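Below is one structure, written out as structure tokens; the observations come after it.
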Amino acid sequence: MPELPEMENYKILLSERLVGNTITEVVVTREKSINMAVEQFVKKVKGRTIIGIERRAKHLLFKLDSGQTLIVHLMLGGLMYVGSETDSPDRTKQVILSFGETKLFFIGLRLGYLHLLTENELSVEFSELGPEPLDPSFTMERFHQLIDKKRGVMKSTLVNQKFIAGIGNHYSDEICFDAQILPSRQANELTDEEMNNLYNSIKSILKRGIDFGGYIELPVYKDDKKTGSYNHHAFVYDREGEPCPRCANPIIRAEISSRKSFYCEQCQH
């Protein structure tokens with residue numbers, strides 16, 4: 001499932017190509033992927049201009065000149081691609097937004113969705129989300145206040161969207177590795193120094209993920225060479241049996257809180 005760096009990568013690349021453009025055609029092949037009747041959805045979206053693209057947690061927000069917002073959550077298997085019919089992936093598209101010859105394809109929205117919401121509906125949608133970890137307001141002091149109240153293992157704590165928004169299975173392992181903390185550690189057992197290390201690792205690993213274009217392998221557009229590069233730079237995730245980049249011990253895969261987890265038992269404590 002795409003996490004904060006993947007959605008931020010989408011935000012950056014799609015903003016360059018779509019902001020300021022008007023939606024000239026709307027095709028919906030799966031009504032369950034949207035939140036209203038197809039005819040109503042098309043009527044409200046067609047002819048609108050995208051005035052900005054934002055991200056909140058694992059969601060991408062297409063701000064329309066009508067004051068409404070198209071919000072996409074890709075969930076497991078969802079993807080986006082911007083291009084033409086000739087270069088788009090040979091995959092089932094649930095929604096297609098056209099901007100003249102350029103099209104934005106929403107692919108694999110079986111569990112994900114593309115909903116059209118008002119500002120009030122958007123506020124309700126995000127009401128229980130935790131803070132954005134890369135926002136300047138997410139300070140070390142704020143992090144200490146939040147984690148002091150948590151119980152449970154680090155793995156489940158980091159992926160809890162009510163705690164911090166945007167971190168999932170992949171980057172939680174990378175963060176724990178960078179902070180030299182086992183993902184099975186109890187959150188309330190961390191020392192102040194470990195909490196400080198964890199805070200710094202959250203910031204640095206998420207920024208690193210963005211810099212490398214996340215881990216989604218499908219390019220966002222033709223000739224996109226950046227998207228998915230994090231797969232070649234991951235420290236531990238999906239590296240079972242490979243040498244730890246810090247101490248060379250084999251990376252271990254285990255189930256923690258019913259989630260697959262990767263770590264080094266030698267240099268994570």
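The values are calculated or read from the model by the stated rules, or taken from the named source; none is laboratory data. Just so we're clear, the structure is a prediction, and the values are computed from it rather than from any experiment. Heads up, the Cβs are rebuilt from the backbone with ideal geometry, glycines too, and the neighbour counts pull from every protein chain shown. Accessible surface is based on the protein model in full, side chains and every heavy atom, while ligands, DNA and RNA are left aside. Shrake-Rupley method; radii C 1.70, N 1.55, O 1.52, S 1.80 Å.
Quick look at the numbers
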{"read-out": "Charge sum, other residues only, whose C-beta stays under 14 Å from Pro136's C-beta, Lys/Arg counted +1 and Asp/Glu -1", "value": "0"}
{"read-out": "Evaluated over segment 201-255, the Cα radius of gyration and Dmax, each in Å", "value": "13.1, 39"}
{"read-out": "Isotropically averaged projected area of segment 1-52, using the convex hull of Cα atoms (one quarter of hull area), nm²", "value": "4.5"}
{"read-out": "Value of [θ]222 nm, deg cm²/dmol, for the chain, DSSP H segments ≥ 4, -39500 (n - 2.57) each, nearest 500", "value": "-8000 deg cm²/dmol"}
{"read-out": "Whole-number D in µm²/s for segment 224-269 (Stokes-Einstein; Kirkwood sum over Cα pairs; 20 °C, 1.002 mPa s)", "value": "187"}
{"read-out": "Relative contact order %, segment 100-249, counting alpha carbon pairs below 8 Å whose residues are six or more apart", "value": "17"}
{"read-out": "Under 12 Å, Cβ to Cβ, from Leu79 - net charge with Lys/Arg +1 and Asp/Glu -1", "value": "+1"}
{"read-out": "Mean separation of Cα contacts under 8 Å, 6 or more apart, over the residue count of segment 221-269: relative contact order %", "value": "27"}
{"read-out": "Acute angle (nearest 10 degrees) that the helix 4-18 long axis makes with the longest principal axis of the chain, alpha-carbon atoms", "value": "30"}
{"read-out": "Fraction of accessible area attributable to carbon and sulfur, the chain (%, probe 1.4 Å)", "value": "46"}
{"read-out": "Kirkwood Rh and Cα Rg combined as Rg/Rh, segment 166-269", "value": "0.99"}
{"read-out": "Relative contact order of segment 1-97, defined on C-alpha pairs under 8 angstrom at six or more residues apart (%)", "value": "34"}
{"read-out": "Cα coordinate range in segment 104-233, projected on the principal axes (Å, largest first)", "value": "47, 40, 27"}
{"read-out": "Listed residue pairs exceeding 29 Å between alpha carbons, taken from Lys103/Lys155; Lys43/Lys162; Lys149/Lys260; Lys44/Lys103; Lys32/Lys226", "value": "Lys103/Lys155; Lys43/Lys162; Lys32/Lys226"}
{"read-out": "For segment 36-80 versus segment 110-168, the gap between their alpha-carbon centres in whole angstrom", "value": "20"}
{"read-out": "Rounded, prolate or oblate (a/c below 1.5 giving rounded, otherwise prolate when a/b exceeds b/c) for segment 43-97 by Cα gyration tensor", "value": "oblate"}
{"read-out": "Gyration tensor (alpha-carbon) shape descriptor, segment 1-133, a/c threshold 1.5", "value": "rounded"}
{"read-out": "Rounded tilt (10° steps) of 169-179 against the dominant C-alpha axis of the chain", "value": "40"}
{"read-out": "Descending semi-axes in Å of segment 98-152, equivalent ellipsoid built from Cα gyration tensor", "value": "34, 15, 14"}
{"read-out": "Quotient of C-alpha Rg and 2.2 N^0.38 Å, computed over the chain", "value": "1.07"}
{"read-out": "Around Ser98: net Lys/Arg minus Asp/Glu count, Cβ-Cβ under 12 Å", "value": "0"}
